[in-house]
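Data first, discussion second: the structure below is written as C-alpha cells.
The values are calculated or read from the model by the stated rules, or taken from the named source; none is laboratory data. Just so we're clear, the structure is a prediction, and the values are computed from it rather than from any experiment. For neighbour counting, all protein chains shown are included, and Cβ atoms are generated from backbone atoms with ideal geometry for every residue, glycine included. The area values use the complete protein model at the heavy-atom level, side chains included, leaving out ligands, DNA and RNA. Shrake-Rupley method; radii C 1.70, N 1.55, O 1.52, S 1.80 Å.
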Amino acid sequence: MSKKSAQELVSQILEGNTRGIAKAISLAENGLAIQSKEELIDSLYSHCGNATIWGITGPSGVGKSTLLDKLLEHLRRDNHKVAVIVVDPSSPFSGGALLGDRLRMQRYATDEQVFIRSMASRGHPGGIAGATSDAVKIFDAAGYDTIIIETIGIGQSEVEIVKLADVVLLILVPGLGDEIQALKAGMMEIGDIFVINKSDLNGADRLQSELQYVLNLRGEDKSGSEYPLVMTCATNNQGINELYDRTNHYLTTLTQSGILSRKHRKRLEYEVRAIATAKIREKIDFNSRLETQLDGWINEIWLKKASPYKLINQKINGLIKEMEHR
Ligand SMILES: Nc1nc2c(ncn2[C@@H]2O[C@H](COP(=O)(O)OP(=O)(O)O)[C@@H](O)[C@H]2O)c(=O)[nH]1
Ligand SMILES: [Mg+2]
C-alpha cells in the first residue's frame with residue numbers, strides 16, 4: 001500500500017467511514033501485507049482506549065446471537081455506537097453459521113451506528129486472537145464506544161479472544177449434560193456474568209442451582225461482589241433488561257474501583273507478549289526456510305555460478321521480502 005493511500009485509510013477510519021473500516025479489517029484479517037497492517041494499527045493506536053469491550057461466549061447454539069440482538073436494542077436506546085465482531089468457528093468457506101448470525105441481527109443492517117462483522121476463526125496467519133484485537137482497535141479508533149465479541153468459548157484461541165473483553169458474559173442453557181462438567185473446569189474461569197438462556201426449557205431451575213453452587217465455591221468476583229447469574233429467554237425478550245443492567249453495573253463497579261484499568265494493563269501485557277512471541281516464531285520459521293534453501297545457494301557458489309556475498313545478500317533480501325508479504 002502506498003504511503004498516501006495508507007494515510008487516507010487512517011483518516012477514513014478516524015472519521016468513522018464504514019468502507020474504510022471494512023477495508024482495514026480485511027487488511028488485518030488476511031495477513032497478506034503484514035507491514036501495512038502493522039503501520040495501520042500503529043497509526044491508530046493513539047486514538048484507541050475509549051471503547052468498552054464485551055465478550056459473549058458459550059457453546060454453539062445457546063443463543064448468543066439472539067441475546068446480542070436483544071442487547072443491541074438497549075445499547076441503541078442508550079445511544080451507543082456499537083460494533084459486533086462474530087468470530088465464527090466454522091471454516092472460512094462453509095459460511096452457514098455466519099449467515100445465521102447475520103440474519104439474527106439483520107434489523108441493524110441499515111443502522112449506521114451498528115457495524116456487524118463476521119470473522120472466520122481459521123486461516124489467520126497471526127492467529128484469530130491477533131486479528132480480533134486488531135479489529136477491536138480499528139473500531140475503537142473509529143469511534144465505536146461499545147465493541148462486542150461473540151465467540152464460542154471452547155479451545156485455547158477462543159479463550160484468548162475473550163481475554164480482550166472488559167466483561168465476559170458466559171451463556172449456558174439447560175440440557176448441556178456432560179458439557180457442564182467441562183464448563184466447570186475451563187470455561188467458568190472466563191465468565192464475569194453468568195447467563196442461563198433458554199430458561200423456557202426444562203431443567204433451567206436445576207442448572208440454576210448447580211451453577212449457583214459452583215459460583216459459591218468460586219467465591220467473589222474481582223470487584224468483591226457475588227457473581228451475577230441471570231436467567232434469560234432471548235426469544236421472548238425475558239431477562240434482557242436485567243442482563244443489560246447487570247452488565248453495566250459490573251462495568252461501573254470495575255471502573256470505579258480501578259480494577260478495569262489494571263485489567264487493561266494486563267491485557268496490554270498479554271498482547272505485547274503474544275506479538276513478541278509470534279515475532280520470535282517468525283524468526284524460527286525464517287531459519288527453517290533458510291535451511292531448505294541453503295543447499296541450493298552452496299551449489300551455485302560451488303559451481304562458480306555466483307559470487308558468495310552477492311548471492312547471499314540477494315537471497316536473504318528475497319527471504320525477508322517473502323516474510324513481509326505473507
Ligand atoms: N427455546 C429457546 N430458544 C432460543 C432462545 N434463545 C435462542 N434460541 C434459539 O436457539 C437457536 C440458536 O440461537 P443462536 O442465537 O444462533 O445461538 P448461538 O450459536 O449461540 O449464536 C436459534 O434457533 C434461536 O432461535 C431461548 O431463550 N429459548
Ligand atoms: Mg451466533
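Things to note:
- Test for residue 267: is it charged (D, E, K, R) and either within 16 Å of ligand 1 (Cβ to nearest atom) or free of Cβ contacts under 8 Å to residues at least 60 places away in the same chain (or both): no
Conditions (1) in contact with a Gly (Cβ under 7 Å, 6 or more places away or on another chain); (2) open to solvent by 50 Å² or more (accessible area, probe 1.4 Å), marked per residue:
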site: 220; (1), (2): no, yes
site: 229; (1), (2): no, no
site: 232; (1), (2): yes, no
site: 235; (1), (2): no, yes
site: 238; (1), (2): no, yes
site: 243; (1), (2): no, no
site: 247; (1), (2): no, no
site: 252; (1), (2): no, yes
site: 257; (1), (2): no, yes
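- Whenever a residue of the range 195-211 is closer than 11 Å to residue 232 by Cα, its partners that are open to solvent by 20 Å² or more (accessible area, probe 1.4 Å) and assigned to a helix (DSSP H, G or I), lying with C-beta atoms within less than 7 angstrom and at least six residues away or across chains, give the pairs 196/208; 200/236.
- One residue stands out among those in the range 103-129 that are part of a helix (DSSP H, G or I) and crowded, with 22+ Cβ neighbours inside 10 Å: the one that is modelled with the highest pLDDT, which is 129.
- Residue check, residue 210 among the charged types (D, E, K, R), in contact with a strand residue (DSSP E or B) (Cβ under 6 Å, 6 or more places away or on another chain), part of a helix (DSSP H, G or I) and surrounded by 13 or more Cβ atoms within 10 Å (Cβ to Cβ): no
- Of the criteria (1) touching a residue at least 24 places away in the same chain (Cβ under 8 Å); (2) surrounded by 14 or more Cβ atoms within 10 Å (Cβ to Cβ), which one residue 300 fails: (1)
- Condition met for residue 309 (more than 24 Å from residue 165 (Cβ to Cβ) and either modelled with pLDDT under 90 or not aliphatic (A, V, I, L, M) (or both)): yes
- Residue count for the range 10-49, restricted to those that are in contact with an Asp or Glu (Cβ under 7 Å, 6 or more places away or on another chain) and of a type in the set (A, V, I, L, M, F, W, C): 4.
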